[in-house]
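The values are calculated or read from the model by the stated rules, or taken from the named source; none is laboratory data. Remember, predicted model here, so these are calculated numbers, not experimental data. Positions of Cβ are backbone-derived with ideal geometry, glycine not excepted, and every protein chain shown enters the neighbour counts. Just the protein is used for accessible areas: all its heavy atoms, side chains included, with ligands, DNA and RNA removed. Shrake-Rupley method; radii C 1.70, N 1.55, O 1.52, S 1.80 Å.
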Amino acid sequence: MADALSTCLPHHPLPRGRHGAATGPAGICLARREASVATLAARRGAVAATLAGLADLLGLAAEDRPVAVANDRATVLGTAPGRWLVVTPAGDDPEATLAPLAPVASVVDQSGAYVLFELSGPALADLLASLVAVDLDPSVTPANAALTTTVAHLGVTLWADGPDCCRVLVGRSLALAFERTIVAVAARHGVDLA
């Protein structure tokens with residue numbers, strides 16, 4: 001198959017546009033989204049105080065379990081006991097936003113460490129079933145789950161963002177490999193790379 005994957009060097013970005021099946025609507029749309037990201041870790045014995053502080057600062061009822069809660073200001077993802085990723089709009093200073101939590105939690109700006117992707121389209125469930133070693137059936141995995149898992153050996157954190165749409169945080173150094181994986185696996189459905 002002579003396409004962008006076979007003609008582009010591995011360390012070069014894929015060209016934006018349509019890849020794979022060229023007829024009909026694309027089954028997958030993959031787009032990079034700008035965002036600021038911070039890691040938040042509760043100090044020993046301060047999980048409840050950290051959650052209360054998040055509610056006061058961001059208006060979100062975050063939980064100490066792997067779920068995603070969001071509003072127009074932020075998305076809070078439970079990643080481990082007493083640990084969260086806080087995703088805010090690009091350009092925000094997450095350390096400054098979360099600074100009032102300093103007595104009860106540690107905050108580290110991770111914006112330079114992650115790339116945020118949005119995956120959407122009618123073939124999303126099929127794509128995720130091919131790539132994620134987690135049963136995503138709603139009877140097993142709740143709709144608001146925040147999953148820290150792997151996609152083709154690449155560490156990711158993913159969560160649903162409506163029907164047929166999910167968000168994926170990928171380490172910046174692995175972003176090109178993630179794009180190539182999505183394009184290769186979803187080629188039969190057609191992929192719009194935005």
Taking first residues from the stretch 158-179 that are hydrophobic (A, V, I, L, M, F, W, C) and second residues anywhere that are outside any strand (DSSP E or B), the pairs with Cβ under 6 Å that are 6 or more apart or on different chains are Ala160/Ala143; Val170/Phe178
Would you say Arg44 is open to solvent by 60 Å² or more (accessible area, probe 1.4 Å) and either in contact (Cβ under 8 Å) with a residue 60 or more places away in the chain or over 19 Å from the mean Cα position of the chain (by Cα) (or both)? yes
Sole miss for Asp126 among (1) among the acidic types (Asp, Glu); (2) more than 21 Å from Val183 (Cα to Cα); (3) in a helix (DSSP H, G or I) is condition (2)
Suppose the filter is within 21 Å of Arg32 (Cβ to Cβ), open to solvent by 50 Å² or more (accessible area, probe 1.4 Å) and aliphatic (A, V, I, L, M); does Leu174 pass it?
yes
Residue hits (the stretch 81-109; free of Cβ contacts under 8 Å to residues at least 40 places away in the same chain and on the phi > 0 side of the Ramachandran plot) are none
Listed by first then second residue, the pairs whose first member lies in the stretch 110-135 and is open to solvent by 30 Å² or more (accessible area, probe 1.4 Å), whose partner is in a helix (DSSP H, G or I), with beta carbons under 7 Å and at least 6 positions apart or on separate chains, are Gly112/Arg172; Ala113/Arg172; Tyr114/Arg172; Ser130/Val185
The helices (runs of 4 or more DSSP H) lying wholly within the stretch 1-120 that contain at least 3 residues that are within 29 Å of Gly190 (Cα to Cα) are 4-7
If we ask which residues in the stretch 145-166 are part of a loop (DSSP other than H, G, I, E, B) and surrounded by 14 or more Cβ atoms within 10 Å (Cβ to Cβ), their number turns out to be 3
query = In this structure, does Gly82 turn out to be closer than 30 Å to Val140 by Cβ, in contact with a helix residue (DSSP H, G or I) (Cβ under 8 Å, 6 or more places away or on another chain) and modelled with pLDDT under 95?
reply = no
